[in-house]
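FYI, it's all coordinate maths here, none of it is from the lab. Treat the numbers as computed from the prediction; the structure is a model and nothing was measured. Quick reminder, even Gly has a Cβ in these numbers, built from the backbone with ideal geometry, and neighbours come from all protein chains shown.
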Ligand code: PEP
Ligand code: MG
């Protein structure tokens, strides 16, 4: 009963011949079904295709009543055919009428047929139809037959979507990728990007499906697999590729799959059944995608996604285009599209052409987002299935303000965004013009505006924004985007380059704030119940003083002959600060002992981001040279409200009486003892919040570079007296938030917020 193994090969050859015959599409379909029936030794062979509107319609049959063609219709999920289409997987039944989903259609005359094998005709993860064979006996179709029918279905899929079997308007052939599409994601990095879509990992279009020489295709497949394995091993082993935690996980998964026998056997079987190596990869890939679409478990889905990516890589090895798009000739305005991306991969592109980045996955704290922020590239992430919608070179808009993405936008949407971009450019020009203007309020108070940074790529923003210095340099970022622990010499070189770039403006280096979500790719992650309140920052570095000393050593060496400010993160008690400060003293002694040139001046300060430290101010202020309020963490611990939880994002307000009162106490205590105080959390960069902070008495604020312009514009129009008298009433207030009152005050005073 079983067909010979040569079956599908001969059949595919015959199909190719039928394709070039000068006959009508329906006649072609009819010939194909009788050919398959004969080849599969089946009494029935039918093709159902998905029509516009989602119905499955019988398009051709050998063995069933011809009068049922274009009459018999099933809903997605209805009957065995509907089940195969909906779930995108074959059903192999020796007793089809006994199947719970069996749906009897008298007009087809299918009563005598007991066994049935149906396979989906897949395009990506979606079925565009079903190919079914039936027999009168209770027959069990063998593995090889299922395989053969799937191979035939794949070739059919190509014929269907190329329009050679049916009029394309008649059927639903999957995502069209030719009409406007809008997606909603999450903002990873603000800003608006407009340009041409470039797929970071270009898709390979499989042109030739049927093999001329199966032996040669087998060899090509084996060679590509071994090249792929080598490439993955090399990526994992290389010293200079920056591989972060996430990327490493994905690469490890690639390596596992590249050696997975099941996957490789499926690929080889598909070649043996008569497909080219490329078509075999795509055929197996279609199964993976169909499985992915059925699953809801995010972890398994993730792994299948990895497998899908690996198949793409294999396709690129087969076609000799193994690289990402970074070294292709790119258009002038590029919006990159990727599932995920490592920071080094982004750095590989010509920065002058990249306007934006769109990711299917990732998180705002991912390393690529950090690098994109430093490079001022808008990023929108977590847009489900965006890669299915996009075609290389499509016109796109990525809106990193609203987290929207528009693919092939209509003319009016494009015009609206052109307008929005022009307005932005105008605002940027206004801010740039204010760059050299002193940041002094209307009543003559100087407010020191500093910027936050973390990478060398941030340094040019000092000049562009006119910031007075770097109020917070987050040193952990460099450690996080490196593939291995940076060497002392590298750290010295980096910190010196930062001081060189700052050209005499002050820089406050914050020592490593690791732990929580900031995990080093080369360190074993330690699962903790509450990582934000766990073994992180100064707690970790005081327990591992060698690491902290190593970093302090690099800072002191880099600052030879210059000023340097060192600050510790997450200090909860004065004793911790003193212990950390003692390490600076020891390193200074070491430097003296080695007769190396010391810095001109070292100031040692602390972040104030744990509420407990605010209750030790009298003692802290006698020993710290400066303090910097980290409102991001302070807020989360003050209200016991996770800073990363979107459900709590707006639940409590920084501009609430208790929080503002608390900040007021801190700034007043520091001023009373003449200790400089800055605020370097995100709130400093929002004009309304910055106005409130100035009202509380803050005269130094450190913020993201892009915020300096808007904050300066606000303070140039501000009378500090008005807002500070408003703040005098804080102790008596009991509202949830003072935001609206502060806005009103700003409007009345014509302060742009
Ligand atoms: C803060 O907590 O406010 C802060 C500036 O530090 P980070 O955001 O790096 O935790
Ligand atoms: Mg913090």
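Observations on the model:
- The stretch between residue 747 and residue 456, if pulled fully straight at 0.36 nm per residue, gains 100.9 nm over its current Cα-Cα span.
- Ordering of 81-90, 252-261 by packing [mean C-beta count within 10 Å, highest first]: 81-90, 252-261
- Distance-filtered residues of the range 259-273 - backbone nitrogen under 18 Å, label point 7 angstrom along residue 237 Cα→Cβ: 259
- With contacts taken as Cα pairs under 8 Å and at least 6 residues apart, the chain reaches a relative contact order of 10 percent.
- Label point distance in nm, residue 66-residue 20, each placed 7 Å from Cα along Cα→Cβ: 2.8
- Counting only alpha carbon atoms, the long axis of helix 545-558 and the longest principal axis of the chain meet at about 70°.
- For the range 7-170, radius of gyration divided by Kirkwood radius, i.e. Rg to Rh on alpha-carbons: 0.92
- Residue 505 paired with residue 650, simple spin-label distance in nm, labels 7 Å along Cα-to-beta-carbon: 3.4
- Two-site FRET efficiency, residue 418 against residue 146, from Cβ-Cβ distance with R₀ of 51 Å, rounded to 0.05: 0.45
- Residues of the range 559-579 with amide N under 17 Å of the 7 Å Cα→Cβ point at residue 623: 566-579
- Estimated from helical segments only, the mean residue ellipticity of the chain at 222 nm is -13500 deg cm²/dmol, where each DSSP H run of four or more residues counts as -39500 (n - 2.57).
- Sorted from greatest to least, the principal axis extents spanned by the alpha carbons of the chain come out as 96, 61, 46 Å.
- Going from the residue with the fewest nearby Cβ atoms within 10 Å to the one with the most, 434, 526 rank 526, 434.
- Difference of contour (0.36 nm per residue) and Cα-Cα distance, residue 137 to residue 729: 204.2 nm
- Label-to-label distance, nm, for residues given as residue 294 and residue 184 (7 Å Cα→Cβ offset): 3.1
- Relative exposure of 327, 446, judged by other C-beta atoms within 10 Å (fewest first): 327, 446
- Burial ordering of 586, 651, fewest other beta-carbon atoms within 10 Å first: 651, 586
- When both the range 624-653 and the range 391-459 are represented by their alpha-carbon centers, they are found 26 Å apart.
- Computed from Cα positions, the angle between helix 411-433 and the longest principal axis of the chain comes to roughly 20 degrees.
- Between 0 and 90°, nearest 10: helix 705-716 axis offset from the chain longest Cα axis: 50
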